[in-house]
Amino acid sequence: MSPLRMIYLALAIWGSIHPMYYFVSWFNENGWDIMAMVDAWHVNAATSGLVWDLTIAAIALCVFIIAEVAVRRNWIALVAIPATFCIGVSCGLPLYLFLRSRPVS
């Protein structure tokens, strides 16, 4: 595996673990209510802006993934879409780059 692929994989793992630490900590303190978390994301204009920034980036990433998969037929790369929306862009983007950069056979 190339050093670049190892970096992408490390970033995907970090991008899944680090944000989840904060999400799980928040749920443990405030109860396991997803709508309460969504409300917390919109407590002020700064957090709402960040939520929309990440949402738009996630949608753009998913459109790019679908377009690339349609051309390259690299179907396994589609797993980056649920990773993006279930974990975050911090996991989905490096995961997609890892999957996209594998050697073509």
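The values are calculated or read from the model by the stated rules, or taken from the named source; none is laboratory data. All values reported here derive from a predicted model rather than from experimental measurement. Note: ideal-geometry Cβ built from the backbone for every residue, glycine included; neighbour counts use all protein chains shown.
Quick look at the numbers
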item: Test: residue in the stretch 67-86 that is in contact with a His (Cβ under 6 Å, 6 or more places away or on another chain) and over 22 Å from Ser2 (Cα atoms); result: no
item: Lone qualifier among Thr55, Thr47, Thr84 - being over 17 Å from Leu11 (Cβ atoms), under 14 Å from the mean Cα position of the chain (by Cα), polar (S, T, N, Q) and surrounded by 11 or more Cβ atoms within 10 Å (Cβ to Cβ); result: Thr55
item: Helices (runs of 4 or more DSSP H) within the stretch 1-81 that include 3 or more residues within 13 Å of Leu99 (Cβ to Cβ) and either small (Gly, Ala, Ser) or in contact (Cβ under 8 Å) with a residue 40 or more places away in the chain (or both); result: 3-30
item: Sole exception among (1) surrounded by fewer than 12 Cβ atoms within 10 Å (Cβ to Cβ); (2) modelled with pLDDT of 95 or more for Ile66, by number; result: (1)
item: Qualifying position, being surrounded by fewer than 10 Cβ atoms within 10 Å (Cβ to Cβ), of a type outside the set (Gly, Ala, Ser) and touching a helix residue (DSSP H, G or I) at 6+ places or on another chain (Cβ under 8 Å), among Trp41, Trp75; result: Trp75
